[in-house]
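Asker: The structure that follows is given in the form of structure tokens.
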């Protein structure tokens with residue numbers, strides 16, 4: 001793997017690095033003779049020995065060395081942000097390729113970074129991971145990681161990902177498993193492409209590699225911790241892209257009915273821990289009730305992939321409704337905006353909350369004008385979509401400018417940084433905290449337009465009440481880090 005070192009942007013006074021002669025502007029090249037590839041590499045290498053040899057380069061190009069007795073701890077340096085690696089695939093359902101024009105540059109980046117997979121649960125197709133990087137994953141124990149499989153059939157996988165070199169995903173997976181790395185996997189399912197026998201084969205071959213086996217070729221090795229199935233998501237912006245069918249309500253119902261028994265069978269044979277996971281969208285698209293708590297992993301595995309979000313919300317709400325804190329909603333007139341898929345569930349929950357607390361909360365589904373009405377998840381609503389829905393609701397209630405005490409927007413529709421964390425950014429950009437929607441409208445701008453407080457909903461009713469009470473005390477513009485906001 002290519003290596004140029006990592007830039008040191010600051011050094012703590014009187015630290016081991018300072019005593020060793022390292023200064024801001026130097027580039028840390030090697031630790032104990034091994035190249036420093038990025039921040040994760042630094043964190044791994046710096047902890048290997050009590051006595052650490054450092055090689056660094058001065059801004060003028062001169063190389064220098066130092067030995068510090070750090071006892072396996074950090075040495076007091078702050079390193080430059082790592083640049084995100086990009087995806088080399090052209091998946092037929094790639095959401096980035098279905099983006100409308102005119103959004104911020106970062107939203108058109110197809111990230112394919114194994115570091116984000118390890119740190120934040122981003123799914124990687126492994127297209128940017130050559131054998132050297134796979135070995136690095138094993139050596140640095142970057143486990144578990146998250147891998148988009150889509151199909152284990154090499155011919156079909158090539159059709160799905162659009163890269164003739166990336167059909168044999170099991171070769172890469174097996175290399176990682178043999179090295180002791182655990183993997184969460186996913187399939188984005190397209191009717192007529194990777195369903196049917198192709199899907200059955202994918203389930204079978206990944207099940208053979210499941211984690212924690214006590215006998216067979218994978219005993220004592222790494223394993224596949226879970227396999228999730230997510231229905232394909234299409235926007236109205238597919239000009240020049242392959243024609244693929246969407247998952248309609250009938251297909252979603254049939255698919256869920258066909259595979260729910262298999263989910264439960266795998267759970268029984270996996271010691272009671274769910275392994276095959278169906279995303280919530282199968283049930284919301286099929287207009288079905290989501291399954292009970294035992295259908296989902298005890299640790300809510302793949303929650304970030306839309307598996308169990310609805311059930312987790314319902315479980316928390318069931319407990320919250322009977323707590324004294326719920327009375328904090330008493331007398332509050334609140335409009336809660338959300339996506340079309342979640343609105344029916346949320347409205348039933350708010351009706352229960354109103355009966356228990358004396359509140360006046362109601363949910364309204366905001367239509368997604370930016371991506372198209374086929375996109376029904378709350379996280380892809382833009383500021384203008386939410387503004388339109390709120391204005392329409394106000395007009396439907398007589399046009400009173402104070403028709404509600406507050407408007408609640410989905411935290412999932414907000415971002416707090418330009419990158420997943422301050423550690424990873426786009427080339428030439430800096431991560432700056434800001435509460436923005438996908439179309440760059442800010443929370444404060446939406447509040448000014450509507451003339452009433454606008455607050456993020458958080459992940460549950462308890463967080464929602466916290467945000468409403470916080471808005472009572474200070475202006476929403478100060479809420480730069482709403483609970484539950486995402487970091488694209």
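The values are calculated or read from the model by the stated rules, or taken from the named source; none is laboratory data. In this text, all values refer to a predicted model and were calculated from it rather than measured experimentally. When we count neighbours, we look across all protein chains shown, and the Cβ atoms used for this are built from the backbone with ideal geometry, even at glycine.
Asker: State which residue is modelled with the lowest pLDDT when the search covers only region 108-150 and only residues that are on the phi > 0 side of the Ramachandran plot and touching a helix residue (DSSP H, G or I) at 6+ places or on another chain (Cβ under 6 Å).
Answerer: That would be 121.
Asker: Condition first: touching a helix residue (DSSP H, G or I) at 6+ places or on another chain (Cβ under 7 Å) and farther than 22 Å from residue 135 by Cβ. Can you find one or more residues in region 174-182 that meet it?
Answerer: No - not one qualifying residue is present in region 174-182.
Asker: Do the conditions hold for residue 262, that is, is it assigned to a helix (DSSP H, G or I), touching a strand residue (DSSP E or B) at 6+ places or on another chain (Cβ under 8 Å), at pLDDT 95 or above and surrounded by fewer than 16 Cβ atoms within 10 Å (Cβ to Cβ)?
Answerer: It is true that residue 262 is assigned to a helix (DSSP H, G or I), touching a strand residue (DSSP E or B) at 6+ places or on another chain (Cβ under 8 Å), at pLDDT 95 or above and surrounded by fewer than 16 Cβ atoms within 10 Å (Cβ to Cβ).
Asker: Let me ask something else. Tell me the residue from 338, 376 that is under 17 Å from residue 316 (Cβ atoms) and crowded, with 21+ Cβ neighbours inside 10 Å, please.
Answerer: Of 338, 376, the one residue that is under 17 Å from residue 316 (Cβ atoms) and crowded, with 21+ Cβ neighbours inside 10 Å is 338.
Asker: Take region 58-84 and flag every residue that is at positive phi and without any contact (Cβ under 8 Å) to a residue 40 or more places away in the chain.
Answerer: Answer for region 58-84, where residues must be at positive phi and without any contact (Cβ under 8 Å) to a residue 40 or more places away in the chain: 61, 71, 72.
Asker: A further question on this structure: Under 7 Å by Cβ, and 6 or more places apart or on different chains, what pairs join a residue from region 439-451 that is farther than 21 Å from residue 106 by Cβ with one that is assigned to a loop (DSSP other than H, G, I, E, B)?
Answerer: Taking only residues 6 or more apart or on different chains, the pairs are 447/453; 451/401.
Asker: In addition: If you take just the strands (runs of 3 or more DSSP E) that sit entirely in region 1-76, which of them hold at least 3 residues that are within 29 Å of the chain's Cα centre (by Cα)?
Answerer: 6-11
Let's see how each residue does on (1) within 17 Å of residue 187 (Cβ to Cβ); (2) outside any helix (DSSP H, G or I):
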position: 221; (1), (2): no, yes
position: 235; (1), (2): no, yes
position: 246; (1), (2): yes, yes
position: 252; (1), (2): yes, no
position: 257; (1), (2): no, no
position: 267; (1), (2): no, no
position: 277; (1), (2): yes, yes
position: 284; (1), (2): no, no
position: 318; (1), (2): no, no
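Asker: Also, I was wondering about something else. Tell me, yes or no, whether region 185-193 has at least one residue that is in a loop (DSSP other than H, G, I, E, B) and in contact with a strand residue (DSSP E or B) (Cβ under 7 Å, 6 or more places away or on another chain).
Answerer: no
Asker: Turning to a different aspect of this structure: Please specify each residue of region 311-327 satisfying the condition of being within 17 Å of residue 472 (Cα to Cα) and crowded, with 18+ Cβ neighbours inside 10 Å.
Answerer: 326
Asker: Could you look through region 77-107, keep only residues that are in a helix (DSSP H, G or I) and over 16 Å from the mean Cα position of the chain (by Cα), and pick out the one that is modelled with the lowest pLDDT?
Answerer: 105
Asker: Among the residues of region 6-18, write down those that are surrounded by fewer than 19 Cβ atoms within 10 Å (Cβ to Cβ) and either in contact with a strand residue (DSSP E or B) (Cβ under 7 Å, 6 or more places away or on another chain) or within 24 Å of residue 136 (Cβ to Cβ) (or both).
Answerer: The answer is 7, 9, 10, 18.
Asker: Can you name every residue in region 347-372 that is crowded, with 18+ Cβ neighbours inside 10 Å and without any contact (Cβ under 8 Å) to a residue 24 or more places away in the chain?
Answerer: Scanning region 347-372 gives a single hit, 350.
Asker: Here is a further query. For region 337-360, give me each residue that is more than 22 Å from residue 437 (Cβ to Cβ) and in a strand (DSSP E or B).
Answerer: Answer for region 337-360, where residues must be more than 22 Å from residue 437 (Cβ to Cβ) and in a strand (DSSP E or B): just 360.
Asker: Considering only region 115-155, state which residues are assigned to a helix (DSSP H, G or I), in contact with a strand residue (DSSP E or B) (Cβ under 6 Å, 6 or more places away or on another chain) and surrounded by 22 or more Cβ atoms within 10 Å (Cβ to Cβ).
Answerer: Hit for region 115-155 is 117, nothing else.
Asker: On the basis of being at pLDDT 95 or above and crowded, with 21+ Cβ neighbours inside 10 Å, does residue 206 make the cut?
Answerer: Judged against the criteria, residue 206 is a match.
Here's the yes/no breakdown for (1) within 23 Å of the chain's Cα centre (by Cα); (2) in the same structural domain as residue 262 (by TED's automatic domain parsing); (3) over 18 Å from residue 127 (Cβ atoms):
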residue: 165; (1), (2), (3): no, yes, no
residue: 173; (1), (2), (3): yes, yes, no
residue: 185; (1), (2), (3): yes, yes, no
residue: 190; (1), (2), (3): yes, yes, yes
residue: 196; (1), (2), (3): no, yes, yes
residue: 201; (1), (2), (3): no, yes, yes
residue: 205; (1), (2), (3): no, yes, yes
residue: 215; (1), (2), (3): no, yes, yes
